[in-house]
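The values are calculated or read from the model by the stated rules, or taken from the named source; none is laboratory data. Every value quoted in this text rests on a predicted model; they were computed, and no experiment measured them. Here the Cβ positions follow ideal geometry from the backbone for every residue, glycine too, while neighbour counts run over all protein chains shown. Only protein heavy atoms, including side chains, enter the accessible area calculation; ligands, DNA and RNA are left aside. Shrake-Rupley method; radii C 1.70, N 1.55, O 1.52, S 1.80 Å.
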Amino acid sequence: MVCTGNICRSPLAELILATRLSDSGVTVRSAGTHALVGHGMPDPSQVLAVRNGVPPELVDAHRASPLTEQLMAEADLVLTMAAEHTALALQLAPRRLHRTFTLREFARLTDSLTDHQLALATESAAQGAANPRSRLNALIAAISDQRGVAPRAAGNEDVIDPYRRAQKVYEQSAAEILPAILRVERVVRAAVPKISSSG
């Protein structure tokens, strides 16, 4: 997850998704294109994170960090909060174009694929591989292929930046993030099963 300062939007998205996927073994990280390195989340973002099920200790532990070429190279999927972040991320790693989306763009593209189509993508592109990473990469490729095919966005797909703004703007930002996070979770769940209690 990528935003500007890595204290409001991207950590909120990171922590909510990481909490929802805590039984999957998937690693979710966030970073900033102009990170306020070492800073924690502002109080309104912390409240929203806890309200959406994130354990308070995870909220307290967040510290902003910068987006790097290494992070881009390691990530299977890069989700940004705004088009400007996508552009800056791709300057670091142009070859990651097909793995980099704005969060809300990714959500819109996934809506154009049925659960059956997602299942077919994992089976055919990953050739039935048991490796969850292979299945996830197959799904990301299928979703990327929807660019130019799926219905266009009705408006701006950027998540509003609430930094140093009123509480209602933090609420609006979270309201733009959460539905998209649920769609990301849907895709990951199609590729990555839950970890069994024994493993």
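Worth a mention:
- Summed side-chain charge close to residue 87 - residues other than residue 87 whose Cβ falls under 14 Å, Lys, Arg +1, Asp, Glu -1: -3
- Correct choice for volume of the Cα convex hull per residue in Å³ that was computed from the model, options (i) 146; (ii) 108; (iii) 122: (iii)
- The HN-Hα couplings worked out from phi for the range 102-108 by the Karplus form 6.51 cos²θ - 1.76 cosθ + 1.60 (θ = phi - 60°) are 6, 4, 6, 5, 4, 4, 4 Hz, whole numbers, x standing for Gly and Pro.
- Here the Karplus relation 6.51 cos²θ - 1.76 cosθ + 1.60, evaluated at θ = phi - 60°, turns the backbone of the range 19-24 into coupling constants of 5, 5, 9, 5, 9, 10 Hz, with x for every Gly and Pro.
- Under a model in which nothing but the beta-carbon of Lys, Arg (+1) and Asp, Glu (-1) is charged, the chain shows a dipole of about 120 debye around its Cα centre.
- Dividing the mean sequence gap of close Cα pairs (under 8 Å, 6+ apart) by how many residues the chain holds gives a relative contact order of 24 percent.
- Residue-wise HN-Hα couplings along the range 58-66, as the Karplus relation 6.51 cos²θ - 1.76 cosθ + 1.60 with θ = phi - 60° gives them from phi, are 6, 5, 4, 7, 5, 9, 4, 9, x Hz; Gly and Pro carry x.
- Computed [θ] at 222 nm, helices only, for the chain once each DSSP H run of length n ≥ 4 contributes -39500 (n - 2.57): -15500 deg cm²/dmol
- Whether the range 39-116 is rounded, prolate or oblate, judged on the alpha carbon gyration tensor where a/c under 1.5 counts as rounded: oblate
- Taking the 1.4 Å solvent-accessible surface of the range 38-126 as the whole, the part contributed by carbon and sulfur is 54%.
- Its Cα gyration tensor gives the range 78-180 an equivalent ellipsoid, and the semi-axes of that ellipsoid, as √(5λ) in whole Å with the largest first, are 28, 16, 13.
- By average C-beta atoms within 10 angstrom, highest first, the peptides 66-74, 38-46, 10-18, 50-58: 10-18, 38-46, 66-74, 50-58
- Order of exposure, largest accessible area first, which applies to 63, 9 with probe 1.4 Å: 63, 9
- Helix 115-125 and the longest principal axis of the C-alpha atoms of the chain enclose an angle of approximately 70°.
- Take each peptide in 181-187, 147-153, count the other Cβ atoms within 10 Å of every residue, and average; sorted highest first, the result is 181-187, 147-153.
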